[in-house]
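Asker: The structure is given below, and queries will be raised subsequently.
The values are calculated or read from the model by the stated rules, or taken from the named source; none is laboratory data. Since this is a predicted model, take the numbers as computed values, not measurements. Cβ sites come from the backbone with ideal geometry, for glycine too, and all protein chains shown count toward neighbours. With ligands, DNA and RNA removed, areas are computed over all heavy atoms of the protein, side chains included. Shrake-Rupley method; radii C 1.70, N 1.55, O 1.52, S 1.80 Å.
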Amino acid sequence: QVQFVESGGGLVQPGGSLRLSCVGFGSIFSIVAMGWYRQPPGKQRELVATITSGGRTTYTDSVKGRFTISKDNANKMVYLQMNSLKPEDTAVYYCNKHPPCGNCWGQGTQVTVSS
């Protein structure tokens, strides 16, 4: 059973930055693709960014140029560096495999962008 634990969220002003972290227990980051997902208030969860086992990355259009996904296989960590944050980035952020494992969702970490 794979479990993920996210951290690093918080309240930040528009234009600010946050770095989210995700640690996997029982996971095999080195040979699976990973993703960051988010669920804005009242909306469905959506894919934000992915990183393959080889390190190739993809981003949803709304975060391109502002967010960077990275990973540390040795320490089973995945990161999401978020810069130039906007109010519309407000959401609970989750990490999971890509495609996601239905039983692997963690609690997520809340990101609130507000002045």
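Asker: When the accessible area of the chain is split by element with a 1.4 Å probe, what percent falls to carbon and sulfur? All intermediate terms of the calculation are to be shown ahead of the outcome.
Answerer: Details: 2850 of 5880 Å².
It is 48 percent, rounded to a whole number.
Asker: Across every pair of different alpha-carbon atoms, what Kirkwood hydrodynamic radius in Å does the chain reach?
Answerer: On the way: mean 1/r = 0.0721 Å⁻¹.
One decimal place: 13.9 Å for the Kirkwood radius.
Asker: Same structure again: Just tell me the longest site-free run in the chain, where the sites are trypsin sites (Lys or Arg not before Pro) in a DSSP loop having at most 12 other beta-carbon atoms within 10 Å. Write down the numbers at each step before the final one.
Answerer: On the way: sites that count: K43, R56, K64.
The answer is 65-115.
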